[in-house]
Amino acid sequence: MAEDLLELARAAAAHAHAPYSGCQVGCALETVAGGHFTGVNVENASYGLTLCAERVAVGLAVTSEGPGLRIARLAVVCPGLEFAPCGACRQVLAEFALPGGATEVTFLSGGRPVVRTLAELLPEAFHLV
Ligand code: THU
C-alpha cells in the first residue's frame, strides 16, 4: 500500500524547484475521502521562504477538499537522499491527521520504505482545538 504513494511522490519530485539545495523532494498523500494529492519543494532565493513538499501537498488537499479533510497516509521521497518529514511539516500534518495521530507516514531508510504513525514522529503535538 505504501508503494503506490511512494511512486506518486517519486514522479512528483521531478517537478521540484530546488536550485539551491539540489534536493528534489516529492510528497504524496491520500485523504480519508480517497483523494490523492502531491507536492514538491519550492525553494526561493530568499532561502527562508522555501516551501517543503509536504506542506505544498497539504495546501492543495485543503484547497480541493476543504478544512475537514483527514490525511490517511502520506509518503515523502528525495532521490539520492533519505529523510523523514522535517519537524515543521510534522506539526502541519498534525493539523489534518487521523485521531490520535494515526496517519501513516512512509519514507525511505536504507533503501527500504519505513512506515511510522505521525504520533510516533511527533508525540504530544501542539493542538489548540
Ligand atoms: N524539504 C522538504 O521538502 N521536506 C522536508 O521534510 C525536509 C526538507 C526540502 C526543503 C529544501 O528545499 C530541501 O528539502 C533541503 O532542505
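The values are calculated or read from the model by the stated rules, or taken from the named source; none is laboratory data. Since the structure is predicted, the reported quantities are computational estimates derived from the model, not experimental observations. Here the Cβ positions follow ideal geometry from the backbone for every residue, glycine too, while neighbour counts run over all protein chains shown. To get the accessible areas, we keep the full protein, side chains included, count just its heavy atoms, and leave off ligands, DNA and RNA. Shrake-Rupley method; radii C 1.70, N 1.55, O 1.52, S 1.80 Å.
To the nearest 20 Debye, how big is the dipole of the chain about its Cα centre, given +1 on the beta carbon of each Lys and Arg and -1 on that of each Asp and Glu?
The dipole magnitude comes to about 100 debye.
Under the classification rounded if a/c is under 1.5, otherwise prolate if a/b is larger than b/c and oblate if not, where does the chain fall, given a ≥ b ≥ c as square roots of the Cα gyration tensor eigenvalues?
rounded
Considering only protein heavy atoms, what is the solvent-accessible area of Thr38 at a probe of 1.4 Å, reported in Å² to the nearest 10?
Only protein atoms counted, so the area is about 50 Å².
In whole percent, and with a 1.4 Å probe on the protein chains, what portion of the accessible area of the chain is carbon and sulfur?
Looking at the chain in its full context, I get 59 percent from C and S.
Given H placed 1.01 Å from N in the peptide plane, which residues other than close sequence neighbours of Thr117 have an amide H under 5 Å from its amide H?
Sorted by chain and number, the residues that satisfy this are Val105.
Could you tell me what percent of the DSSP beta bridges with both partners in the chain are antiparallel, to the nearest 5?
Just about 80 percent of them are antiparallel.
Give me the one-decimal nm value for the distance between modelled label points at Phe83 and Tyr20, 7 Å along each residue's Cα-to-Cβ direction.
1.3 nm
Step through the residues of the stretch 110-121 one at a time and calculate ³J(HN,Hα) from phi using the Karplus curve (6.51 cos²θ - 1.76 cosθ + 1.60, θ = phi - 60°), rounding each to whole Hz and writing x for Gly and Pro.
Going residue by residue, I get x, x, 10, x, 10, 10, 10, 7, 4, 4, 5, 7 Hz, with x marking Gly and Pro.
Just in the stretch 27-129: which chymotrypsin sites (Phe, Trp or Tyr not before Pro) are loop by DSSP and have at most 11 other Cβ atoms within 10 Å?
Phe126
Enumerate by residue number the GluC sites (Glu not before Pro) in the stretch 42-129 meeting two conditions: DSSP loop (anything except H, G, I, E, B), and at most 15 other Cβ atoms within 10 Å of the site's Cβ.
Hits after loop and neighbour filter: Glu82, Glu95, Glu124.
What figure in square angstrom, to the nearest 10, would you give for the accessible area of Cys23 with a 1.4 Å probe?
The accessible area of Cys23 comes to roughly 40 Å².
Of Val92, Val105, which has the most accessible area and how do the rest follow, probe 1.4 Å?
If we order Val92, Val105 from most to least accessible, we get Val92, Val105.
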